[in-house]
C-alpha cells in the first residue's frame, strides 16, 4: 500500500451515477440524484463520496451508519414520529443505522458522506 492509494476527493475522477428513486418511495417531486462514490472498501462495508439531489421528498430507511456534511442547499430530515431537523450548508452529523423517516430537499442539496454498512 502506498500514497497512490490515498483517495483525494478534490481530484477524484469518479464516474457520476445519475438516478431517480423508485416511485413508491417518492412523496414529492421526482428528484434526480447524482452519486460520486469516490471510495469503496475491499470488504464492501465502507463507502465515501459526494451526493446531490434536486428538490423533492422521499422515504428513507438507513441500513448503514452515515456521516454527512452538507456542502450546499437545505434539507429536512424527519423521523417516523414527525420530529424534524433542518440541515444546511456547514452542518455535520451522523445518521445511525436503523433510522427510518423522510428526507426532504428544499433547495438543491450536495453532501459529502462516509457510510459504514454493518454486517449482521
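The values are calculated or read from the model by the stated rules, or taken from the named source; none is laboratory data. For clarity, every value in this text was computed on a predicted model and none was experimentally measured. Here the Cβ positions follow ideal geometry from the backbone for every residue, glycine too, while neighbour counts run over all protein chains shown.
In segment 94-104, which residues are without any contact (Cβ under 8 Å) to a residue 40 or more places away in the chain, in contact with a strand residue (DSSP E or B) (Cβ under 8 Å, 6 or more places away or on another chain) and surrounded by fewer than 13 Cβ atoms within 10 Å (Cβ to Cβ)? Break it down into steps so the answer makes sense when it comes.
Quick first cut of segment 94-104, residues without any contact (Cβ under 8 Å) to a residue 40 or more places away in the chain only: 94-99.
Narrowing the set further to residues that are in contact with a strand residue (DSSP E or B) (Cβ under 8 Å, 6 or more places away or on another chain) leaves 94-97, 99.
The answer is 94, 96.
Of the residues that make up segment 16-28, is at least one assigned to a loop (DSSP other than H, G, I, E, B) and surrounded by 12 or more Cβ atoms within 10 Å (Cβ to Cβ)?
Restricting attention to segment 16-28, the residues satisfying the condition of being assigned to a loop (DSSP other than H, G, I, E, B) are 16, 21-25.
Checking the rest, the ones that are also surrounded by 12 or more Cβ atoms within 10 Å (Cβ to Cβ) come to 21, 25.
Yes; the residues of segment 16-28 include at least one that is assigned to a loop (DSSP other than H, G, I, E, B) and surrounded by 12 or more Cβ atoms within 10 Å (Cβ to Cβ).
Is it the case that residue 69 is assigned to a loop (DSSP other than H, G, I, E, B) and either modelled with pLDDT of 95 or more or buried (at least 17 other Cβ atoms within 10 Å of the Cβ) (or both)?
No: the conditions fail for residue 69.
Count, please, the residues in segment 37-64 that happen to be within 11 Å of the chain's Cα centre (by Cα), part of a strand (DSSP E or B) and either within 18 Å of residue 94 (Cβ to Cβ) or touching a residue at least 24 places away in the same chain (Cβ under 8 Å) (or both). Outline the logic, then answer.
Pass one, segment 37-64, residues within 11 Å of the chain's Cα centre (by Cα): 37, 47-53, 60, 62, 64.
From the residues that got through so far, the ones that are part of a strand (DSSP E or B) too are 37, 47-53, 60, 64.
If we keep only those that are either within 18 Å of residue 94 (Cβ to Cβ) or touching a residue at least 24 places away in the same chain (Cβ under 8 Å) (or both) too, we end up with 47-53, 60, 64.
So the count comes out to 9.
State the number of residues belonging to segment 79-120 that are under 17 Å from residue 55 (Cα atoms) and assigned to a loop (DSSP other than H, G, I, E, B).
Final tally of qualifying residues: 1.
Evaluate the following for residue 12: is it in contact (Cβ under 8 Å) with a residue 12 or more places away in the chain and either surrounded by 15 or more Cβ atoms within 10 Å (Cβ to Cβ) or not in a loop (DSSP other than H, G, I, E, B) (or both)? Outline the logic, then answer.
Numbers: in contact (Cβ under 8 Å) with a residue 12 or more places away in the chain: yes; either surrounded by 15 or more Cβ atoms within 10 Å (Cβ to Cβ) or not in a loop (DSSP other than H, G, I, E, B) (or both): no.
So residue 12 does not fit the description; no.
For residue 81, only one of the following conditions fails: (1) touching a residue at least 24 places away in the same chain (Cβ under 8 Å); (2) surrounded by fewer than 18 Cβ atoms within 10 Å (Cβ to Cβ). What is its number?
So residue 81 meets the others, but not (1).
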